[in-house]
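Values in this text are rule-based calculations from the coordinates and carry no lab data. Note that this is a predicted model, so its numbers are computed, not measured. Don't worry about glycine lacking a Cβ; one is built from the backbone with ideal geometry, like all the others, and counts go over all protein chains shown.
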Amino acid sequence: MPHAAPQNSPSARNASALSELAARATDGDVGAMGALLKAVSPWMIRSAQQLLGSSHADLDDVVQQSLIGLVQALPAFRQECSVVHFACRIVVRTAVASRRRAFARADRHDESVDVDSLPRDQELGDGVDAERRRALVRGLLSRLPEEQAETLALRIVLGFSLEEVAEATGVPLNTVRSRVRLAKTALRRRIEADPLLLEALEVES
């Protein structure tokens, strides 16, 4: 896995090149498909790390399942968002589904996040607070309805703008706003006593 992950949004030039690769891959160009997967995999890995945590036991499986999911979903790609955002949405769905299965197997009724196990200041420097907040949010995603969990993961954990979430999910902007509000309301009912997580949810909806 790469040591320095790219941002969630590629440059316009890269986005155009990826769109061309996606079109060729959809038409059956095996070489284009391989090049596309190689190009987008760093973004997908980074998204999986943000959603699950970099040391999560299921991280590699989620990445592999997401890559397979991208290949399977590519014929449905209509270029309404960037290829990277399309791929990241698949990672979100795969990661949230993985968390749901894990908690179902464990018969867990409440997701508790072991804050003491999260990275410390000397490990993450100035980014430690943001990482700890992301960890707290993602620990509750499996308790939300699927559409709300997906929207909140894209918005807060991966840092998509509201417009980018709308493009990636193919729904109107007002629907995205509504899902974010509903998700925040549901989460606040569960974590009113946790000021750190409350702070993490203070993102414009």
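Maximal additional length on extending the Gln64-Ala15 stretch stands at 15.4 nm, based on 0.36 nm per residue less the C-alpha distance. Computed from the C-beta positions of Arg190 and Gln72, the FRET efficiency with R₀ = 30 Å rounds to 0.35.
Summing +1 for each Lys or Arg and -1 for each Asp or Glu, what net charge is found among the other residues whose Cβ lies under 14 Å from the Cβ of Ala15? Local net charge: -3.
Taking label positions 7 Å along the Cα-Cβ direction at both Glu147 and Asp27, the computed distance is 3.6 nm, reported to one decimal.
Classify segment 9-109: rounded, prolate or oblate, from the alpha-carbon gyration tensor (a ≥ b ≥ c, eigenvalue square roots; a/c under 1.5 rounded; otherwise prolate if a/b is larger than b/c)? The shape class here is prolate. I want to make sure I understand the PRE zone here: with the label point 7 angstrom from the Cα of Ala97 toward its beta carbon, which residues in segment 42-66 have backbone N atoms less than 18 Å away? Counting backbone N atoms under 18 Å from the label point, the list is 44-45, 47-49, 51-52, 58-66.
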